[in-house]
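To start, the structure under review is shown below, and the notes come after it.
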Amino acid sequence: MKAEMSVMLNVRDVERSVRFYKSLGFDTRWENPGDDGRLNYAGVGIGDAVIALGRIPDDVRSMAKDYADWVSTPLGAGVMITVELDGVEDIYKLAKKAKAPIDSPLSKRLYGTAFMINDPDGYVVRFLRPTGVYA
């Protein structure tokens, strides 16, 4: 059975997030601008991995309470996204060139070769070429 997965992140500025992920080798999969011309949603991807980005409205209080509660939590809190790919060293070079905030440098671990960065909204993104079993 083939399965694919994407994740959606609430962000303050979709355009900024798209630029950030594109600097790491992602491409734009789709964009949905709002009436004000700013992006409300966008999708960025690398290989089969897709990250959807959703803009948090400026006036969250005008939204439904359940939505307002959801997007009012601290962005990035406790969230780690893992992108598995073969070219982890290439992405690391791009991250260094883009001056991305590297949280953990490229290293070999029990479960594979990986590094971690923080995106502009505080989400931790781990790029991993897996080997063996996750510990």
For residue 108, counting only aspartates and glutamates whose alpha-carbon sits under 19 Å away and dropping same-chain residues fewer than eight positions off, the answer is 84, 86, 89, 90
Can you compute the modelled spin-label distance between residue 30 and residue 96, with each label point 7 Å from Cα toward Cβ, in nm? 3.7
What spacing in nm lies between the two simple spin-label points modelled at residue 1 and residue 118, each 7 Å away from Cα in the Cβ direction? 3.8
Give, in nm to one decimal, the length gained when the segment between residue 10 and residue 109 is fully stretched (0.36 nm per residue of separation minus the Cα-Cα distance). 32.6 nm
Need the full-extension length gain, residue 23 to residue 48, defined as separation in residues times 0.36 nm minus the C-alpha distance. One decimal, nm. 7.2 nm
Among [x] 91; [y] 135; [z] 126, the entry derived from the coordinates for volume of the Cα convex hull per residue in Å³: [y]
What percent antiparallel are the DSSP beta bridges of the chain, to the nearest 5? 70
Only Lys, Arg (+1) and Asp, Glu (-1) charged, at Cβ; the chain dipole about Cα centre in debye: 540
Percent relative contact order for the chain, counting Cα pairs under 8 Å at least six residues apart, stands at 22
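No lab work stands behind these numbers, since they all come straight from the coordinates. Since the model is a prediction, treat every value here as computed from it, not as a measurement. Every residue, glycine as well, gets a Cβ built from its backbone with ideal geometry; the counts of neighbours run over all protein chains shown.
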